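Quick notes on the structure that follows.
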């Protein structure tokens with residue numbers, strides 16, 4: 001299993017003050033001067049300037065210029081990471097990178113405003129952490145793939161049918177996917193990613209819209225039987241999809257998707273070009289057509305399971321993004 005060179009190289013790491021003063025940069029984008037540092041630091045400074053109360057509730061990741069921007073705030077310093085949507089790197093590495101910066105600062109006892117003088121030493125530390133992070137991802141993926149022995153593949157085939165039957169029991173009110181796409185014009189790929197691999201979804205907004213939306217979203221999960229609460233007055237985690245307006249203390253992130261129906265926005269989760277592509281046709285499909293389409297489209301997951309069960313290594317021929325999806329799904333199944 002290997003990562004493509006672009007996935008490793010296409011990134012920008014910035015460490016700045018809250019005022020936007022650039023202290024350190026690592027830029028490996030092949031496009032010259034793209035994206036511009038001033039645009040990234042300006043955006044982060046604008047977010048910070050909204051007030052500390054807003055910042056703490058603001059998602060630590062946003063889509064920016066067709067890429068993903070992650071940022072981490074610690075006291076007066078901000079670490080930011082800009083990567084391709086399909087990159088294995090995400091915001092979880094930022095505290096590590098900031099710690100490397102601070103270790104060099106502590107060693108040489110310099111003011112943060114003198115950091116540029118120590119750029120080379122900081123750079124060595126940062127690049128070492130990036131390499132270690134990537135190596136750990138590879139080791140974890142290999143470990144999960146190698147120890148997976150799905151001896152009852154037939155049960156997985158049954159699971160697809162059970163998932164459909166359990167969703168359709170009794171009369172249900174559905175929203176068409178055309179309506180859903182109008183209500184939330186961006187972010188359906190993150191919803192699909194969460195439903196397939198097991199990232200919890202919180203749907204907030206007008207209850208009369210939230211509940212039928214959840215019924216419809218359940219059909220977008222042909223790989224897993226979902227635990228669902230259609231409406232809770234008080235938020236309670238432990239479910240795949242939750243309908244509630246009790247979100248004042250919720251912080252969306254890599255492992256939590258929040259869908260605000262009233263505002264038409266999706267926060268958190270993982271963006272994916274693969275799920276962006278398969279989300280496009282959904283607006284023109286009925287609920288059952290969408291289920292059938294996704295069941296067919298995601299059949300590669302079940303074929304990969306079968307291959308793992310037969311002790312073959314066909315997973316190595318999967319594109320990197322599909323390897324990551326399979327990796328996350330296997331992790332969820334084994335916990």
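The values are calculated or read from the model by the stated rules, or taken from the named source; none is laboratory data. Predicted model only: the values in this text are computed from it and were never measured. We place every Cβ from the backbone using ideal geometry, glycine too, and count neighbours over all the protein chains shown.
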**Fill in**
Reported set for region 230-243 where residues are more than 20 Å from the chain's Cα centre (by Cα) and surrounded by fewer than 16 Cβ atoms within 10 Å (Cβ to Cβ) is 231, 232, 233, 234, 236
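Which members of region 194-205 meet the condition of being in contact with a strand residue (DSSP E or B) (Cβ under 8 Å, 6 or more places away or on another chain) and either surrounded by fewer than 16 Cβ atoms within 10 Å (Cβ to Cβ) or part of a loop (DSSP other than H, G, I, E, B) (or both)?
Step one: of region 194-205, the residues in contact with a strand residue (DSSP E or B) (Cβ under 8 Å, 6 or more places away or on another chain) are 194-195, 199-205.
Listed by number, the residues that qualify are 199, 200, 205.
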**Request:** Please find, among 85, 122, 73, the residue that is part of a helix (DSSP H, G or I), modelled with pLDDT of 65 or more and surrounded by 14 or more Cβ atoms within 10 Å (Cβ to Cβ).
**Result:** 122
**Item:** Residue count, region 243-270 (criterion: closer than 21 Å to residue 86 by Cα and in contact with a strand residue (DSSP E or B) (Cβ under 6 Å, 6 or more places away or on another chain))
**Value:** 9
**Pairs, first under 16 Å from residue 10 (Cβ atoms) in region 84-104, second part of a helix (DSSP H, G or I), C-beta under 6 Å, six or more apart** = 85/273; 86/273; 86/321; 87/7; 88/137; 93/133
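Among 326, 308, 333, which is buried (at least 18 other Cβ atoms within 10 Å of the Cβ) and modelled with pLDDT under 75?
Details: 326 fails: modelled with pLDDT under 75; 333 fails: buried (at least 18 other Cβ atoms within 10 Å of the Cβ).
Step by step, each of 326, 308, 333 is checked, and only 308 is buried (at least 18 other Cβ atoms within 10 Å of the Cβ) and modelled with pLDDT under 75.
Here is a yes/no grid of residues against (1) surrounded by 16 or more Cβ atoms within 10 Å (Cβ to Cβ); (2) within 20 Å of residue 26 (Cα to Cα); (3) assigned by TED's automatic domain parsing to the domain that holds residue 79; (4) modelled with pLDDT of 90 or more:
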residue: 98; (1), (2), (3), (4): yes, yes, yes, yes
residue: 107; (1), (2), (3), (4): no, no, yes, yes
residue: 135; (1), (2), (3), (4): no, yes, yes, no
residue: 157; (1), (2), (3), (4): no, no, no, no
residue: 160; (1), (2), (3), (4): yes, no, no, no
residue: 166; (1), (2), (3), (4): no, no, no, no
residue: 170; (1), (2), (3), (4): no, no, no, no
**Message:** Would you confirm whether or not region 249-257 contains a residue that is more than 28 Å from residue 64 (Cα to Cα) and either surrounded by 20 or more Cβ atoms within 10 Å (Cβ to Cβ) or in the same structural domain as residue 72 (by TED's automatic domain parsing) (or both)?
**Reply:** no
**Request:** Scan (1) under 16 Å from residue 268 (Cβ atoms); (2) outside any helix (DSSP H, G or I) for the single condition residue 234 breaks and write down its number.
**Result:** (1)
**Message:** For a quick check of your reading of the model, give me the residue pairs whose first member lies in region 6-34 and is more than 22 Å from residue 98 (Cβ to Cβ), whose second is at pLDDT below 85 and not in a strand (DSSP E or B), with beta-carbon atoms closer than 6 Å and at least 6 apart or on different chains.
**Reply:** 7/87
**Prompt:** Within region 206-223, is even one residue part of a strand (DSSP E or B) and within 18 Å of the chain's Cα centre (by Cα)?
**Reply:** no
